[in-house]
Amino acid sequence: MMAAEHASATQTVPPEKIEWIGGCPTPPAPPVRPLHALVSVVKLVLNKEDTRQVFEAVAALSGRAGKRTFRRFVATPYGRRVVSEPVKLEEILSDRERLRAMPEGSFGRAYLAFMEGENLTPEGLIDSAAEAGIDFRGDTQFPEYRRLFLHLDVSHDLWHVLTGYGRDALGELCNLCFTRAQTRNPGFRLIIWIGLLAMKLERPGQPFWRAANEARRMGLEAEWIPAQDVEALLPLPLGEVRRRLNILAPTVYNAIPEEVKRDLLKPKVKKTQAQREAEAAMAG
């Protein structure tokens, strides 16, 4: 998940608590809640498909990181266009017929194949955020601020395609390492550390730390991806997009046997928290 933060207040924020950045109103920074984050990360380790916990953990530890990202984003031509027009990336990425019409080998076609192969949709990410109390659909005092985080969150699977990291537990963790390097959001750190420790306990002989460090270096050395015009990149060959953005192949990750990656952190609980809550509500 990207730099998720509670970008839409559930209650009206008084004017004196609003901080203006780049001519746009932004909400107060959320409090740092380390215990809440720890509980969410443990739940995530028990079931890596419980995407809600990523939103919960990152939001609990982000502090002012979101404001720093927003300031940098709106200072770029593309970022300003995203928040002002706005550019609705969730709609662009949901138009599968348009993606399917793009050239074979293009970034857009690779993204489509990834999403269809994994049975994923941008709406699914938005739903997971909603389960964590992050409302991307309702009214908000902070439309530009929320637009940034919606843009970043639905970019998560695009970054999987760009980096070459799969949806296995190590691939997800490496994608978060890459994201952490790009966004400087401290909210990902706890997920990364606990995830790596859990993997090392399962398979102590594998180079998981090296793979994570490689992902971090890739994120630091790449162009700043949030400032890139995604819609313009989608029709281009994936290899060309990677070269433009200076994204190299994840050699350490790729060298780890697929069967090892596939079996890492198998879910120890079969249902997500949202499913358990829904069943409890129906039973009540």
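Specify the inter-centroid distance of segment 201-257 and segment 16-94, based on alpha-carbon positions, in whole Å.
21 Å
Please give me the summed charge of the neighbours of Pro86: other residues whose Cβ is under 12 Å from its Cβ, Lys and Arg +1, Asp and Glu -1.
Numbers: positive: Arg80, Arg81, Lys88, Arg146, Arg147; negative: Glu85, Glu90, Glu91, Glu144.
For residues surrounding Pro86, the net value is +1.
Please work out how many pairs of lysine residues in the chain are eight or more positions apart (or on different chains) and have Cα atoms closer than 23 angstrom.
Pairs that pass both the separation and distance tests number 20.
Can you sort Thr12, Thr76 from fewest to most other Cβ atoms within 10 Å of each residue's own Cβ?
Working: Thr12 7, Thr76 14.
Fewest-to-most ranking of Thr12, Thr76: Thr12, Thr76.
Using modelled amide H (1.01 Å from N, peptide plane; none on Pro or chain starts), what sits under 5 Å from the amide H of Ile21, excluding residues fewer than 5 places away?
Here the answer is Thr26, since their amide H atoms fall under 5 Å of that of Ile21.
Using a 10 Å cut-off around each Cβ, can you sort Trp209, Trp159 from fewest to most neighbouring Cβ atoms? All intermediate terms of the calculation are to be shown ahead of the outcome.
Working: Trp209 13, Trp159 20.
Ranked by crowding around the Cβ, least crowded first: Trp209, Trp159.
Among Phe136, Phe149, which comes first, second and so on when ranked by fewest other beta-carbon atoms within 10 Å?
Numbers: Phe136 19, Phe149 25.
Least crowded to most crowded, the residues run Phe136, Phe149.
Taking the Cα centre of the chain as origin and charging only Cβ (+1 Lys, Arg; -1 Asp, Glu), how large is the dipole, in debye to the nearest 20? Walk me through the intermediate numbers first.
Working: 39 positive and 36 negative charges, 201 e Å.
That gives a dipole near 960 debye.
In whole Hz and in residue order, list the ³J(HN,Hα) couplings for segment 141-147 that follow from phi through the Karplus curve 6.51 cos²θ - 1.76 cosθ + 1.60, θ = phi - 60°; x for Gly and Pro.
Calculated HN-Hα couplings, in order: 6, 10, x, 5, 5, 5, 4 Hz.
When only C-alpha pairs under 8 Å and at least 6 residues apart count, what is the relative contact order of the chain, in percent?
Values: 402 pairs, mean separation 78.2, N = 284.
After rounding, I find 28 percent.
With n ≥ 4 as the cut-off for DSSP H runs, can you work out [θ] at 222 nm for the chain, using -39500 (n - 2.57) per run divided by the number of residues, rounded to the nearest 500?
Details: 18 runs with 171 residues, N = 284.
Estimated from H runs of four or more residues: -17500 deg cm²/dmol.
Readers should treat all values here as calculations from the given coordinates under stated rules, not as data from a laboratory. From a predicted model like this one, the values you see are computed outputs, not experimental measurements. Cβ: placed from backbone, ideal geometry, glycine included. Neighbour counts: every protein chain shown.
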